[in-house]
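Notes to accompany the following structure.
The values are calculated or read from the model by the stated rules, or taken from the named source; none is laboratory data. Computed from a predicted structure; not experimentally measured. Please note: Cβ atoms are built from the backbone with ideal geometry, for glycine as well, and neighbour counts cover all protein chains shown.
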Amino acid sequence: MKKISMKRLLSFLLLLTFITSAVATGCSSKPANSANSAEPTDKEDKKEDTIVIKLGHHHNVDGVVDLYCKKFAELADTKSNGRIRVDVYPGAQLGQENEAAEGILMGTQQMSGVSTTAYNNLIKGFGLDMLPFMFDSYESIMKVFTDSPVGEELESRFLKQNGRILGWIALGGRHMIFTDKDIKSVSQMKGMKMRSPESDLFVGMFNALGCRPTPITWGETYTALQTNVVDGMESPTTSMKDMKFYEVAKYCLLTNHMWGTFNLVINEGFFQSLPQDIQQIIIDSGKEASVYANKVSQEEEKKSIDFLKEKGMVFHELPEEDAVIMRASIEPVIDKWGKEHGAVELIKMLREEVKK
């Protein structure tokens with residue numbers, strides 16, 4: 001029998017010690033912070049429980065609409081103690097406005113920021129807020145849509161189509177802007193190619209004014225002005241600033257012909273899939289974000305004209321006699337729109353509310 005050298009014996013004992021230690025370690029409990037632990041850490045629990053919501057809109061970063069959506073995200077996170085995370089996608093990253101509007105009703109999008117005009121051809125009565133010469137202040141338009149039977153009826157109709165309105169904001173009065181023609185009266189607009197939303201109300205209005213309406217989605221309006229596809233468009237002054245239209249349009253006629261609202265909306269199926277406490281947080285966050293955004297919108301409108309003038313835009317007030325002509329020309333368009341969109345009674349209700 002061969003003798004085992006001391007060197008080999010020591011090597012064997014060291015190997016045996018290593019194997020014993022490894023087996024013991026494998027049988028012991030895993031550390032609490034192990035990625036494979038059967039008992040996740042508090043941090044991992046929180047990550048797994050977080051509800052992630054994608055919220056898209058078609059406006060620029062840090063504009064009024066973007067601030068509105070970001071405020072909602074901030075409030076939802078705070079009120080839920082981190083259980084809700086809202087990822088905001090500006091600049092139509094999740095689709096242009098009409099795509100997003102349809103996606104909310106179909107359930108292919110969770111949340112979006114859209115104007116009611118986007119639902120003009122999808123839900124009867126939507127676009128009511130855009131009726132020309134109906135409103136003259138933030139107070140008048142917000143009273144109608146947040147605290148009257150008119151707003152309640154629209155929200156009810158929206159809910160029946162699988163969508164829920166979480167908030168309303170007003171973006172201010174809308175005015176006409178032109179690329180290179182110094183327009184000072186409505187009569188000078190005749191024959192001009194004007195960008196229009198994809199809405200028969202806007203198309204009808206421009207036709208009534210003798211213009212050539214050209215429907216173009218919001219995200220493509222800057223390029224349309226820049227390349228002279230259109231001679232002009234209409235927009236709130238805040239959007240002129242946010243979308244940098246001052247770079248491609250030099251003149252503005254302050255017509256204040258329309259006031260429009262903007263909505264924070266969520267797919268109802270997705271909303272109902274959430275825990276009840278989360279649902280309430282989303283509702284509360286929507287209301288609070290709307291109050292904030294309306295205040296920001298009013299403040300920004302006051303600043304925007306001065307900003308645009310500094311950028312070289314030229315502004316003209318609409319002569320009173322022109323305002324009378326515009327109202328008279330557009331009135332038949334309103335009546336026709338009401339009949340075609342099942343909104344005759346809603347328009348009647350609207351007129352009564354505005355008088356109060």
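A few comments on the model shown:
- Search result, residues across the stretch 45-75 that are of a type in the set (S, T, N, Q) and either at pLDDT 90 or above or assigned to a helix (DSSP H, G or I) (or both): THR50
- Residue in the stretch 194-204 that is surrounded by fewer than 22 Cβ atoms within 10 Å (Cβ to Cβ) and without any contact (Cβ under 8 Å) to a residue 60 or more places away in the chain present: yes
- PRO132 being in a loop (DSSP other than H, G, I, E, B) and surrounded by 17 or more Cβ atoms within 10 Å (Cβ to Cβ): yes
- Search result, residues across the stretch 96-110 that are touching a His at 6+ places or on another chain (Cβ under 8 Å), touching a residue at least 60 places away in the same chain (Cβ under 8 Å) and outside any loop (DSSP other than H, G, I, E, B): GLU97
- For MET233: the one exception among (1) in contact (Cβ under 8 Å) with a residue 40 or more places away in the chain; (2) assigned to a loop (DSSP other than H, G, I, E, B): (2)
- Sole residue being among the acidic types (Asp, Glu), modelled with pLDDT under 95 and part of a helix (DSSP H, G or I), chosen from GLU198, GLU139: GLU139
- In the stretch 111-170, the residues that are without any contact (Cβ under 8 Å) to a residue 12 or more places away in the chain and either in contact with a helix residue (DSSP H, G or I) (Cβ under 8 Å, 6 or more places away or on another chain) or of a type in the set (Asp, Glu) (or both): GLU139, ASP147, GLU152, GLU155
- Being modelled with pLDDT of 95 or more and surrounded by fewer than 21 Cβ atoms within 10 Å (Cβ to Cβ) is not true of ILE266.
- Hey, GLY125 surrounded by fewer than 17 Cβ atoms within 10 Å (Cβ to Cβ) and out of contact with any Cys (no Cβ under 6 Å at 6 or more places or on another chain) or not: no
- Cβ separations smaller than 6 Å between residues 6+ apart or across chains give the following pairs from the stretch 69-88 residues that are free of Cβ contacts under 8 Å to residues at least 40 places away in the same chain to residues that are surrounded by 18 or more Cβ atoms within 10 Å (Cβ to Cβ) and part of a helix (DSSP H, G or I): VAL86/ALA73; VAL86/ALA76; VAL88/CYS69; VAL88/LYS70; VAL88/ALA73.
- Breaking point among (1) surrounded by 20 or more Cβ atoms within 10 Å (Cβ to Cβ); (2) without any contact (Cβ under 8 Å) to a residue 24 or more places away in the chain, for ASN294: (2)
- Scan of the stretch 301-353 for residues that are among the hydrophobic types (A, V, I, L, M, F, W, C) and without any contact (Cβ under 8 Å) to a residue 60 or more places away in the chain, ordered by number: VAL324, ALA328, VAL344
- Members of the stretch 76-95 found to be part of a loop (DSSP other than H, G, I, E, B) and surrounded by 16 or more Cβ atoms within 10 Å (Cβ to Cβ), listed by number: SER80, ARG83, PRO90, ALA92, LEU94, GLY95
- Members of the stretch 79-120 that are on the phi > 0 side of the Ramachandran plot and of a type outside the set (Gly, Ala, Ser): ASN81
- The one condition in (1) more than 23 Å from VAL203 (Cβ to Cβ); (2) of a type outside the set (D, E, K, R); (3) at pLDDT below 95 that ILE325 fails to fulfil: (1)
- Scope the stretch 241-259; condition touching a strand residue (DSSP E or B) at 6+ places or on another chain (Cβ under 7 Å), aliphatic (A, V, I, L, M), at pLDDT 95 or above and crowded, with 17+ Cβ neighbours inside 10 Å; matching residues: ALA249, LEU253
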